[in-house]
Amino acid sequence: MGLRTFLLDKIQKVTEIKKREIQKDVWVKCDKCGEVSYKDDIQKNYNTCPSCNYHFKVSAIEKINMILDPGTFVEIDANLKSLDPLGFKDSKRYVDRIRDTVKKTGINDAFISGYGTIYKKPVHIGAFEFSFLGGSMGSVVGEKITRLIESAISNRHHVITISCSGGARMQESILSLMQMAKTSAALKKLSNEGLAHISILTDPTTGGVTASFAMLGDVHIAEPGALVGFAGPRVIEQTIRQKLPEGFQTSEFLLQHGMVDMVLHRREWKDTIYKLLEFFG
Amino acid sequence: MAIQPLEFEVPIYELEKKLEELKGISELVDKDIENKIYKLEERIQKVKSNIYRNLSPSQKVLVARHPNRPYTLDYIGAIFEDFVELHGDRLYMDDPAIVAGIGKFDGEPCMIVGHQKGRNTKENIYRNFGMPNPEGYRKALRLFKMAEKFNRPIFTFVDTPGAYPGIGAEERGQAEAIARNLLEMAGLKVPMITVITGEGGSGGALAIAMGNKVLMLEHSIYAVISPEGCASILWKDASYSKRAAEALKLTAQDLKSLNIIDEIIKEPVGGAHRDHETTFSNVKKALKKYFNELKQYSSDELFEMRYQKFRSMGVFSE
Ligand SMILES: [Zn+2]
C-alpha cells in the first residue's frame, strides 16, 4: 500500500466514524418495532415511535410539561429530603444511596409536584421520577403527594398524579407502607370536598403505589403498553410456577378487565384531561 | 397437634422431656423427686424467659409464623360472644383467607374481621395460607361499611404473609381492592381497633389494619416486604433473609419506638403458641382498655383522630 492510498483510506475511515457518530445523535431505533426514526420526529411525537406508537421512557418533568400550558408549572415542596430513620444498609448504606442519587438526578426525591394550568384551567399535578431509586415511595414521596392533595383542597383545584414506580421503598420499611395509608386518606378528604383525582399510569407502576392512591382516581388513564399491576411479574411466576400469558398486566389488559377508563397516547392526554376538568367543574 | 420445636427452642424441649421422665418416676414415690421436679420447673421457666427475652428479629419471624399460634377464629371463639360469620363480597365470591362476622365484645355488638390461616395442608389450601384475593378485601370493606351504618365498633386481626400474587387476583384488581380499603377505612366514623397477631405482610395486612388504635403481640412482625422478598431484591439472594429481617425493623418493639403502633401486648413466656389461654386474656384486656377509651369520642372525632394518626407518619427533613 502506497502512502497516498494509506492516507486516503485513513481519512475515509475517520469521516465514516464521524458520520456514524452524528447519525447516532440524530437517529433513534425503536425498542419495540426496531424502526429507525429521526430523533426530532420522535420528540415532536411526544417521545413516541412514529411507526408503532411505542412510548419511550421520559422524565417526570417531561410528562408534566406534556399536559400543562408551557411555562406555567410552579414546583412546590422541592426541598423535602429523605432521612434514614431505620439506619438501613444492604450492599450500600441508604444515606449514601440517597446522597448519590440526589447528585446523579439533580432532584431531592422520586416525586415532583406543583401546580399550573391546562388551557388556562388551574390544576395541581405531580409525577414520579423513575430514575430516582425506581420511583419508590418512601416518607418524602408520601408526604409530597399528601401535601399536593392538601394544597389542592385549600385552592379548590383538581389533582393529577402521574405514576411510574416500583412501589414502596424497602429501605424505609414500615414507614413506606404507612405512606400508602396516608396518601389514600388524603384522597378521602379530597373526595369529600367534591374535588377530582385523575390518575395517569405510566410504565411501570406496581406494588404499593398501585395498591394505594394510583388506583384511587375518579378517572384512570393508562399509557399504551405500560406495565401496571400489584405484584411484579417475577413474583407471580415464582408463586404460581407457570409462565404468564402474553400481554398480562399491560394497560390494555387493565382496560379489558375494567381497571382503567382508557388507554391514551400521550399526545391526547392534555385535551382529554381538559374535557374531564370541564365535567368536574 | 404435636408442636415442632423451633431451633432456638430445643433447650426448652429437652428440659421438658426430662421433666416428663421425672414425673413418670415420681409415681414410685420418692420425696427427693418432688424437690427435683420443682427445681426443674423453675429452671425451665428461667431458660424459656431467657430465650424469649432475647429473640433476634429473624427468630421473631419464625415465632410470628408458628403454626400453633392462635389464629383469628381462635381469638373470636375465646374473646367474643354470639359470633355469626358473614360471607362473600357480593361481587364475585367468598374468600376464606379472610373471615368476618358479627359478635359481641363485653356484651356490646361489634364487627370482627381478620385473616385466617390453616393449621394443616388441607386447611391451608382452603385458606390460601392466609393470603387474600381481592374478594377478601372487598368482603372486609362491605362489612366495615355495614358496621358504620349501624354504628358498631370494628375489631380487626392481622396475620398474613401478604395479598395473594396470582393471575386471577391481578385480573380482578388486587391493587384496587387494597387501595379502596385504605381510602374507605380512613373515612370510617366508628371506632376501629387492629391487632397484629402474627405476620403483618405489607399491603395485604394494611388493607384491614387502619385502626384508631393498632396493637401488636409481643412476637408479631409487620413490614413492607417479607425478609425473604427483601433479601432477594436488595441482596439478590434469599439466603440473606436474616440480615433483611434485622434491617427491616419489623418487630413490635421496633414499631413501638417508631410510633407506628400504640401498644405491645405481652405474650406468655415462651410465646403465644405455647399458651393460648394467657394470650387470649392479654389480648382481651388490651382490647377492653382501648375500646373504653374510644367510646368517649364522637364519630367526627374518631374520623379526624384516625386521619391525623396516619397523616403524621413518615420521617424526612425540610
Ligand atoms: Zn416503534
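The values are calculated or read from the model by the stated rules, or taken from the named source; none is laboratory data. Quick caveat, the model's predicted, so the values are computed rather than measured. All Cβ positions, even for glycine, are placed from backbone atoms using ideal geometry, and neighbour counts span all protein chains on display. The accessibility values were calculated without ligands, DNA or RNA, using every heavy atom of the protein model including side chains. Shrake-Rupley method; radii C 1.70, N 1.55, O 1.52, S 1.80 Å.
Put a plus charge on the Cβ of each Lys and Arg, a minus charge on the Cβ of each Asp and Glu, and nothing anywhere else: the dipole of segment B:266-318 about its Cα centre is then about 220 debye.
The H on the amide N of A:Tyr54, modeled in the peptide plane, is under 5 Å from the matching H of A:Cys49, each at least 5 residues off or on a different chain. Value of Rg to Rh for the protein assembly as shown, rounded to two decimals, is 1.06; Kirkwood radius and Rg both from alpha-carbon coordinates.
Across peptide B:232-238, the mean count of Cβ atoms from other chains lying within 10 Å of each residue's own Cβ comes to 3.
Can you give me the Kirkwood hydrodynamic radius for segment A:204-251, using every pair of distinct Cα atoms, in Å to one decimal? Provide the component values of the computation, followed by the final result.
Values: mean 1/r = 0.0863 Å⁻¹.
Taking every pair of different Cα atoms in segment A:204-251, averaging 1/r and inverting gives 11.6 Å.
Would you work out the charge dipole size for the protein assembly as shown about its Cα centre, treating the Cβ of every Lys and Arg as +1 and the Cβ of every Asp and Glu as -1, and quote it to the nearest 20 debye?
1260
Label-to-label distance, A:Glu246 versus B:Trp235, with points set 7 angstrom from Cα along the beta-carbon direction: 4.0 nm.
Residues in segment B:37-46 carry Karplus couplings, in order, of 4, 4, 5, 5, 4, 4, 5, 4, 4, 5 Hz; the curve used is 6.51 cos²θ - 1.76 cosθ + 1.60 with θ = phi - 60°, and Gly or Pro positions show x. Could you tell me what percent of the accessible area of segment A:58-280 is made up of carbon and sulfur, with a 1.4 Å probe and every protein chain present? C and S fraction of accessible area: 50 percent. Here the dipole of chain A is about 800 debye; that uses its Cα centre as origin and unit charges on the Cβ of Lys and Arg (positive) and Asp and Glu (negative). Compactness check for segment A:175-280: Cα Rg over 2.2 N^0.38 Å is 1.16.
The radius of gyration of the Cα set in chain B, together with its Dmax, comes out at 21.0, 75 angstrom. Taking a straight line from the alpha carbon of B:Lys36, these aspartates and glutamates sit under 14 Å away, with near neighbours fewer than eight places off in the same chain left out: B:Glu16, B:Glu20, B:Glu21, B:Glu27. Annotation: cysteines of chain A without a disulfide-compatible partner (Cβ-Cβ under 4.7 angstrom) are A:Cys164. Taking every DSSP beta bridge that has both ends in chain A, the antiparallel portion is near 50%.
Look at the stretch A:197-208: the mean tally of other chain Cβ atoms within 10 Å of its residues' Cβ atoms is 1. In this structure, the amide hydrogen of B:Ile196, modeled 1.01 Å from its nitrogen in the peptide plane, lies closer than 5 angstrom to those of B:Val158, B:Leu215, B:Met216, B:Leu217, counting only residues at least 5 positions away or on a different chain.
Maximal additional length on extending the A:Lys270-A:Tyr38 stretch stands at 81.1 nm, based on 0.36 nm per residue less the C-alpha distance.
Highest mean first, the peptides A:91-100, B:166-175, B:98-107 sorted by other C-beta atoms within 10 Å per residue fall in the order B:166-175, B:98-107, A:91-100. Summarising the amide proton neighbourhood of A:Ile200: residues at separation of 5 or more, or on other chains, whose placed amide H is nearer than 5 Å comprise A:Thr161, A:Ile162, A:Ser163, A:Ile221.
In the context of the full protein assembly, A:Cys33 retains an accessible surface of approximately 60 Å², using a probe radius of 1.4 Å and ignoring ligands and nucleic acids. Using the Karplus relation 6.51 cos²θ - 1.76 cosθ + 1.60 with θ = phi - 60°, the per-residue 3J(HN,Hα) values for segment B:219-224 come to 10, 8, 10, 7, 7, 6 Hz, with x marking Gly and Pro. Sequence-distant contacts, meaning Cα pairs under 8 Å at least 6 residues apart, place the relative contact order of chain B at 16 percent. Candidates A:Leu80, A:Thr205, A:Pro233 compared by Cα position along the dipole of segment A:58-280: farthest toward the positive end lies A:Leu80, with charges placed on Cβ.
Taking the average, over residues, of other Cβ atoms within 10 Å as the packing measure, peptides B:310-317, B:17-24, A:121-128 rank A:121-128, B:310-317, B:17-24 from highest down. Extending 7 Å from the Cα toward the beta-carbon at both B:Phe8 and B:Asn54 defines two label points whose distance is 1.0 nm. Shielding of peptide A:226-238 by partners, expressed as the average count of other chain Cβ atoms within 10 Å per residue Cβ, is 4. The 3J(HN,Hα) values that the Karplus relation (6.51, -1.76, 1.60; θ = phi - 60°) gives for segment A:61-69 are, in residue order, 5, 5, 5, 4, 5, 6, 9, 7, 4 Hz. Gly and Pro appear as x. Shown for segment A:58-280 is the translational diffusion coefficient from the Stokes-Einstein equation, using the Kirkwood radius over Cα pairs, a temperature of 4 °C and a viscosity of 1.567 mPa s: 73 µm²/s. Start at zero, step by 10 Å, and the Cα-Cα distances of segment B:69-165 spread as 18, 50, 29, 4 percent across the bins.
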